[in-house]
Each structure stands twice: as C-alpha cells, then as structure tokens.
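The values are calculated or read from the model by the stated rules, or taken from the named source; none is laboratory data. Remember, predicted model here, so these are calculated numbers, not experimental data. Quick reminder, even Gly has a Cβ in these numbers, built from the backbone with ideal geometry, and neighbours come from all protein chains shown. Surface accessibility is based on the protein's heavy atoms, side chains included, excluding ligands, DNA and RNA. Shrake-Rupley method; radii C 1.70, N 1.55, O 1.52, S 1.80 Å.
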Amino acid sequence: MGGGDLEVKMGNAWHSKRAEEVLKEIGGREEGLFEDEVKERIKKFGPNRLTELKKRGILSFFLEQFKNFLIIILLFATFLALLTGDWTEGLVILIIILIAAGLGGIQNYQAEKVVRELKGMLSPYARVLREGKEKVILAEEVVPGDIILLSAGDKVPADAYLLSEVTLKVDESILTGESVPVEKEVCLLPPETPSFARRNIIFSGTSVVYGKGKGVVLATGMNTEFGKIAQTLEAIKEEKTPLQVSLDKLGKWFGILTLIFCGIILGIGIGRGENLSKMFLWAIAIAVAIVPEALPAVVTVSLSLGTKRMAKRKGLVRKLASIETLGAVNVICSDKTGTLTKGEMAVKEIFLPPGAVVEVSGVGYQPEGEFSIKGNNSPNLEVNLKSLLLVGLLCNDAFLRKEKDKWVIDGDPTEGALLVLAAKKGLKKEDLTKEYPRVDEIPFTPERKLMTTIHKKGDSFLIASKGAGEVILDKCGLGKEVSAQYLSVLQDMAKRGLRILGIAYKEGNLLSDERVEEDLTFLGFVGMMDLPRPEVKSAVAKCKKAGIKPMMITGDHILTAQAVAKEVGITDEEGICLEGEDLDRMSDAELKEKVERINVIARVSPFHKLRIVSAFQNKGYVVAMTGDGVNDAPALKKADIGVAMGITGTEVTKEVSDLIILDDNFATIVQSVEEGRNIFKNTKNFISYGLTLHLAEIFIILFALFLGLPLPLTAAQILFFNLVTDGLPPLALSLELPEPGLMTQPPRGRKESFFTGKSVGFSLFLALLITGQVSFIFLTSHAQIGETRTLVLSLITISAMFNCFNWRSERLSVFKIGFFSNWNLLLAQSLTILSLILIIYLPFFARLFEISPFPPYYWLSVIALSSTTLLLGELLKKFWPVK
Ligand code: ATP
C-alpha cells in the first residue's frame, strides 16, 4: 500500500518545512491534483479508510448460536435422549437444533448485512480542490497530495499540512482526549515538536469547530495518526438494543425455569418410583418446550428490516437501539430553515434607508426579475441599491451556476439568494472579487448572527457585513430614534414571514483596527421568502393527534418564526413564542415548569437547545431534536433522538446523531416516529404470540404430568412445533403494516415495559385455552397414544395459526383489520400447515417423528376446536380492550 514510503516521508518532519517544500515533496500543487494523478495515487495508496474489520462469514454466525444458553440446554437434552438409548429421537432433536441454529445464523448474518449496507450510506464526504475546481467527493477518495478545504462542522478526512486558514479551531479530543478546541495556524515549527503540538498539521478524524482552512494531504487511511491509534483499538461491538437486552434476560430466566422444572419432574418421578429413563424423556420434553430458540433471531431481523424500510423513506437510523426510542418520542424540536421550510430563498423586498421599499420579482434561482420601487423614492436610490447589492456579493461564500437548464446554488441558500438578487441587476460575484480581493474575514456563526469580510480597495480597505437585522443595526451607531424607526420596519417585514438580513459596510485603512465591525454604515434590509414545505402542515397535524408536541427552535427573528409557525400549525394566536434571551432570564426550574407550553423559540444559540432538551427530559419527555451546525452536537447527543440533516448537516452532527433525515424534511421525522411505533408494536405482538405458545406447551406437559397421563408430545414433536411456529409466522407478524389509529394514540411511556399486564393476561388466557383444547382431545380420545399425539400436534399447530391472527393487533379485531391485509402472514401460515401435513403423511417423516395418522374426518374436530383460539381471543379483546 505504499505505507513504508509514507512513513519515510512522515520522518521528514513536515511541520518544520515551508509550504512549497511540502507541496513539492508530496507531489501536490495549490490548484489541486489532476484526475489521472488521483487515479494513480488511489492505486498506490489505497482508499482513504481505516482497514475494515474482517467481514464475518456466515459460519461464524452459525457457530455463535451455540454460545446461547438455551441452545446449550437443548444440546444437553439431546445428550440425555441419546443416553436413554433413544437414538432416533436424539438424532431428530439434534437435526432440528442444527436447523434452528442454521436459520438463526442466516437471519443474524442477513441482519448484519443490512446494517452494513446502511452504514455504507453514511459515508462521509470531503471538499477538495482538483484541477482548480472545488469538488465534493467521498472522504475515502482523498489521496496524499490532494488539497482539502475545511470549514466549521467538517470532519478532517486525512492528515494534512495547513496552507492557509481563517481563525481555524479544531477539536482534537478524539486523539488527545482534550476537549478544548485547538487553534491551528500556518507556521514553521522546530523538528522536535511532538505530534499533537504541531499547530500547522491537521489530523484525520478531528473536527473543525470554527473558521476555515486549506491543507495539502500528507497521509491517508491507516497511515494517519488516527489510523495508528485505531490499529491498537479493539473493534467496537455493535451494542444490543434495550429490547434485545431484556430478551436476553428473559431467555436466561427461561433457562433457569427449565432447569427447575426438570428438577421437579425428576423429583416427582423418583418419588413415584417411576423408571428414570422415562422421567428423562419428560425432562427433555419440558426443556425443549420452554426454549424459544428462534425468537431472538427474529427480533434482530425485524429491527434490521425496519431500519431498511425507514431508510427507503429517507430516515436513516444509525443504531438499532434508536428504533425503540423513536417510537416513544413525544416532543420534536425542529429547526425552521430548510426543515420546516423549503430552504429555497428568494429576495422579495428590499428596504433602503431612509424610507424606500423595492419589490423584486422572479422565479426560483433564475437570475431574471424586475425591481419596482414602492414607498419614498430618494434621488440616490439606484446608487444605494447598487452598494447594497455589491456588499451582499462580497460578503458571500456561495456560488450560482447553471446546471443543464436549471440555475443552482452551491453553499448557503441565504447567501445564494443575494447572488441571484445581484444577478438580476447584472452584477456578478466573480467580477467583483477581482476588483476587491478578500484579505480577511470574520465567519458567520449562529451565536454571532453576523458575517464580515475585509477587501482590498485600492490603497485602502472595504469592510462588508451582513447579519440578522437587529445585530446589524446595533453595529451602525444610528442613534436611538433612527434605530427604533428601522427596527419597526424590520418587524413589519418579519411579520409577513420574510427572513431578513441587514447589510452594512465601511471603508478605511482598518486592518489593524480591533473594532472592525463597529460604526458601520447601514445600507438596508433584504427580505427573503422561504416557503414552508407543503407536506409539513399535515405532518404537524399528525404529530399533534399522536400526542407528540412539535416545537420550532430557530435562529431566525421571532416574528418571521411566528409567521411560519402559524402557517404550518405549530402555534396559533395564543401560543407562547419566546426568544433565546427570554430563556437566559429564566432559571432551570422556571424553564422546566413552562417548557411544555412554549411553541416557538427564536434567536436561539446552540446552548439554548441544550437547556431545552434538559428541561423536557426533566419532565419525563422523550425528545427528538434537530441540528445542523457543529455547535448543535452537544444538544443532539443529549436528546433521546438527535436528528441530523442529510443534505445540509455537517459531518460532526451526523456522527453524533441517532437519526439522519436524508431529505432534511420535518415530515420525514414524523414518518420515522410512526415507523418506530409500528416496529415496537409488531415486535411486542410477535413476542407475545411466541410467549402464548411456549406457555401453552408448558401447561400441556404439566397437565399430563400431574394427571399421570403419558407424554402428550414427544420431544422431537415439540421441537418440530417450535421450529415451524417460532420462525416464519413471527417474522410475518413483524411485517404487519401500521394499524389504523397508530398515530392517534398517545406515545408509550419512556419506561413502558414490553409486557404489560394486559398483554401477559391475554397470553395466559390463550395458553390456558389451548391447554384446554388439548386436554379435551386427550381425555375424550380412545385412540392409541401415537395417534393421540399426532392429533395433539395437529391441534396445537393449527391453533397456533389461529393465534397469529390474535396478535396482528393487540387492540383491533382481525375482522376489522381484514384477514387479507398481511399476505406474508398468510404465506407463513400456509407453509406451516404444509409442513405439518408433510410430516403426517410422508412415511419417512412420519416414522422419524413417531406419527400415526388419524382418520381424515378428525381434521374437522381439530379445526373446530382450534378455531376457538381466535374466536374466544376476539371476544376477550372486545370485553377487555386495550386502550
Ligand atoms: P434555523 O435555526 O431554523 O435553521 P436560521 O437559519 O435562521 O434558522 P441561523 O442560521 O442561526 O438560523 O441564522 C440566524 C440569523 O442570522 C438569520 O435570521 C439571519 O438573519 C442571519 N444569517 C443567516 N445566515 C447568514 C449568513 N450567511 N450571513 C449573515 N447572516 C446570516
């Protein structure tokens, strides 16, 4: 991989070299590499990623099944069966265990494949310069010699030597453990400077928290400092979801229960003076009956299939565990711009002091439109307008370009709108930047709500600023009266839902001036329209019906925020709308008391988001919170479901999030919550279905044991029953579509246990019912034991199929949902019944499973008896309903 080559170069102490030397040695240049050079280097150095953990083969998943306590119990049972000399039975049990483990292994293998596929969709991106052009590429395509461009929120994709920077600060805690961001700068350092003290080197895996930078890549993949550390780290194991953990616990309990029962059976047997090997058979049967060997694998598969379904609908869950939490979400705190709104801005109105209003027409980003003057005209209007457009162009990092027949914006849409506006007057950024080259800048941050660039203008300098309206007014020293007058203009524009930027400038020899952003000259306001996304209104209504509180948290002006929030239904005339500053005046206790009643919080800083999450959580809420900027990361981490934006979100927020919405759309969050609820409900239902059957098996055996009857089923028959009823039918139940009313119910409580009193009661009732059916057959049948067992096996299998219908919904009757609305289930049921018929009527299997076919007309009584499982189940649902 050329690693040795690079190491020699690392030994070169890049940090003590000048940029030209570094570029020369690494074979890079300021304008970036050519594409054919890149290809060569990818071949030479390999892709820029950490060596992948070895992909696990299917065999390892199969073998893993045998680490399971329950499977070990089953193997022990086989051993006992062989000890008692019953070779056929022993072998059949063994084969069934192998089949069950095989199926479990395949299911887990596939579940992991899905998770891996989804992880692939999460590949980080990097911005590079190639052939003089800025490009966004997959981070794994970065090669040594590439020029990378970084700004706040980016993950550094490779180790690089810094070529230029603007107030660049990087969080290196992943490498050093130190959480205070480190300032990086272009400089020369002594060769002996230790690795992480090299201020002119930026390291892969760290993240940019402030400013911008440009660097030439020195090392990629495992050759980076991060790669070296990763080599020594153990592979991080995918954590189990709370559901899987509680199932594991349940499994252990079942295991212990098995041993206790076996002990009791042997005790009773010995007490009665029964034959020991006969008692062994009972013990084996009970062990086999209790153990739900297939269910855990079904849970994993159902969760991973759920994530795949969600991803198709643009919601990407980063951990399986988050699905469970998603379903319990009862507050969604959402950004406004781009999430509730389209994020496609167009300037509609300009205010020019002292009192002119200019309306602007046009469609989309098309640089065509008219300027029509309303309000007071002033003689200098055209000159003032041009100055405003010019400053708006200079203080701007976006680009406008034509792609096929469409105009598109690269970069921040707010800035893009200014480019389109100026283009409507024939002004282009490219022409101006030549005339007024940028020499310095103070970047925009959500905390400052202001951006300033400094340009050379002949022998002096031009300072161009833009930012939130009131922040700009504050920087202009206009005097109280005038400020108040402009502030009321701003409020009037904001009330109409316009997003407003103030624009100001100054000239002079100011580079050494600390107060660059003071005493500016006010040029005016631009008001942009950013329409709500059409689907958001109904998504908000859906949230409210489902008992989920939607809240808007935005950096924008309170009146703009309020206007949009009203339009989409988040607030109304009476709703409480506050500003970040209001929160500052509240104590944590006050905020906690009030937070449920607040609908909109405007002019927030990321710090406020953290307080809001805490306030909700202290009240017991399960909070989903969106964020896109680097400083939102702590709030996303703290939220129960941190939501990152797929398109506009920074790599850092994506990394700490639980859910990434690929289309940045609020409606997708609501859809994911609905999917989360559905997956939780289905999982709960199919586990209860399984519980019902295993309880029934235990009761049936205990019933026969205490009445001194022969074993109602052989161990192999019980295992067959488990294999066919614990595998496909629950999987099909996990594919059940959202039932009507799923989103009109209040969310489940944060701590709501998987098994509620009602669900366990329902399971117990059904298990006793099935036991009743079997005892009826047992007590009334005059047939031989072999024939009776075959009847019992048929009865409980068909009963289990009726039981599937009971567990399609805990709340609704299957007669209401419709028998044909889950075709997967009908297929699973048919296959199960087919396997039953095969083992009864194919002599080979019949012999293996000790089957003695019963007269065909007995099927009628089997069906009649087993159908009570559905009918009485339905009655119970009706008279003892789940809310
Ligand atoms: P949200 O938090 O809902 O996404 P937002 O985009 O309005 O809303 P911020 O990005 O924090 O929130 O912006 C806050 C304010 O700063 C905006 O109302 C606007 O006036 C101003 N602003 C936004 N982008 C820029 C920019 N690129 N340059 C200067 N000022 C900006």
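At a glance:
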quantity	calculated
Residue in segment 78-96 that is most open to solvent (accessible area, probe 1.4 Å), counting only those that are assigned to a helix (DSSP H, G or I) and touching a Phe, Trp or Tyr at 6+ places or on another chain (Cβ under 9 Å)	83
Count - residues of segment 836-860 that are surrounded by 16 or more Cβ atoms within 10 Å (Cβ to Cβ) and not β-branched (Val, Ile, Thr)	7
Residue that is within 14 Å of the ligand (Cβ to nearest atom), in contact with a strand residue (DSSP E or B) (Cβ under 7 Å, 6 or more places away or on another chain) and at negative phi, where the choices are 371, 399	399
Pair list, Cβ under 7 Å, 6 or more apart: segment 554-582 residue open to solvent by 40 Å² or more (accessible area, probe 1.4 Å), other residue in a helix (DSSP H, G or I) and within 12 Å of the ligand (Cβ to nearest atom)	579/558
Failed item, numbered, when residue 701 is tested on (1) open to solvent by less than 10 Å² (accessible area, probe 1.4 Å); (2) touching a strand residue (DSSP E or B) at 6+ places or on another chain (Cβ under 7 Å); (3) farther than 29 Å from residue 742 by Cα	(2)
Top-ranked residue in segment 328-346 [being surrounded by 24 or more Cβ atoms within 10 Å (Cβ to Cβ) and under 17 Å from residue 500 (Cβ atoms); ranked as farthest from the ligand (Cβ to nearest atom)]	345
Segments classed as helices (runs of 4 or more DSSP H), wholly inside segment 518-614, with at least 1 members that are in contact with a helix residue (DSSP H, G or I) (Cβ under 9 Å, 6 or more places away or on another chain) and more than 16 Å from the ligand (Cβ to nearest atom)	536-545, 580-585, 588-594
Test: residue in segment 122-130 that is out of contact with any strand residue (DSSP E or B) (no Cβ under 9 Å at 6 or more places or on another chain) and open to solvent by 60 Å² or more (accessible area, probe 1.4 Å)	no
Residue check, residue 325 crowded, with 17+ Cβ neighbours inside 10 Å, in contact (Cβ under 8 Å) with a residue 12 or more places away in the chain and within 14 Å of the ligand (Cβ to nearest atom)	no
Number of the condition not met by residue 354 [criteria: (1) under 20 Å from residue 525 (Cα atoms); (2) in contact with a strand residue (DSSP E or B) (Cβ under 8 Å, 6 or more places away or on another chain)]	(2)
Failed criterion for residue 601 (all others in (1) over 15 Å from the mean Cα position of the chain (by Cα); (2) within 21 Å of residue 118 (Cα to Cα); (3) β-branched (Val, Ile, Thr) hold)	(2)
Checking residue 428 against (1) within 16 Å of the ligand (Cβ to nearest atom); (2) among the basic types (Lys, Arg); (3) open to solvent by 40 Å² or more (accessible area, probe 1.4 Å), the condition it does not meet	(1)
Failed item in (1) touching a residue at least 12 places away in the same chain (Cβ under 8 Å); (2) more than 32 Å from the chain's Cα centre (by Cα), with residue 806 passing the rest	(2)
Residue among 581, 590 that is under 28 Å from residue 328 (Cβ atoms) and not hydrophobic (A, V, I, L, M, F, W, C)	590
Test result for residue 360, more than 16 Å from the ligand (Cβ to nearest atom), free of Cβ contacts under 8 Å to residues at least 60 places away in the same chain and over 20 Å from the mean Cα position of the chain (by Cα)	no
So residue 137, is it of a type in the set (Val, Ile, Thr) and over 28 Å from the mean Cα position of the chain (by Cα)	no
Hits in segment 465-492 - residues which are more than 9 Å from the ligand (Cβ to nearest atom), within 19 Å of residue 554 (Cα to Cα) and surrounded by 23 or more Cβ atoms within 10 Å (Cβ to Cβ)	490
Yes/no for residue 798 being at pLDDT 95 or above and over 37 Å from the mean Cα position of the chain (by Cα)	yes
Residue in segment 493-514 that is farthest from the ligand (Cβ to nearest atom), counting only those that are without any contact (Cβ under 8 Å) to a residue 40 or more places away in the chain and open to solvent by 10 Å² or more (accessible area, probe 1.4 Å)	512
Residues being among the hydroxyl-bearing types (Ser, Thr, Tyr) and open to solvent by 20 Å² or more (accessible area, probe 1.4 Å) - total across segment 776-804	2
Residue list for segment 443-464, filter: open to solvent by 50 Å² or more (accessible area, probe 1.4 Å) and either part of a strand (DSSP E or B) or more than 15 Å from the ligand (Cβ to nearest atom) (or both)	456, 457, 458, 459
Restricting segment 623-637 to residues that are more than 21 Å from residue 600 (Cβ to Cβ) and away from the ligand (no atom under 13 Å from the Cβ), the residue that is surrounded by the most Cβ atoms within 10 Å (Cβ to Cβ)	633
Residue within segment 402-412 that is of a type in the set (Lys, Arg), surrounded by fewer than 12 Cβ atoms within 10 Å (Cβ to Cβ), touching an Asp or Glu at 6+ places or on another chain (Cβ under 8 Å) and free of Cβ contacts under 8 Å to residues at least 60 places away in the same chain present	no
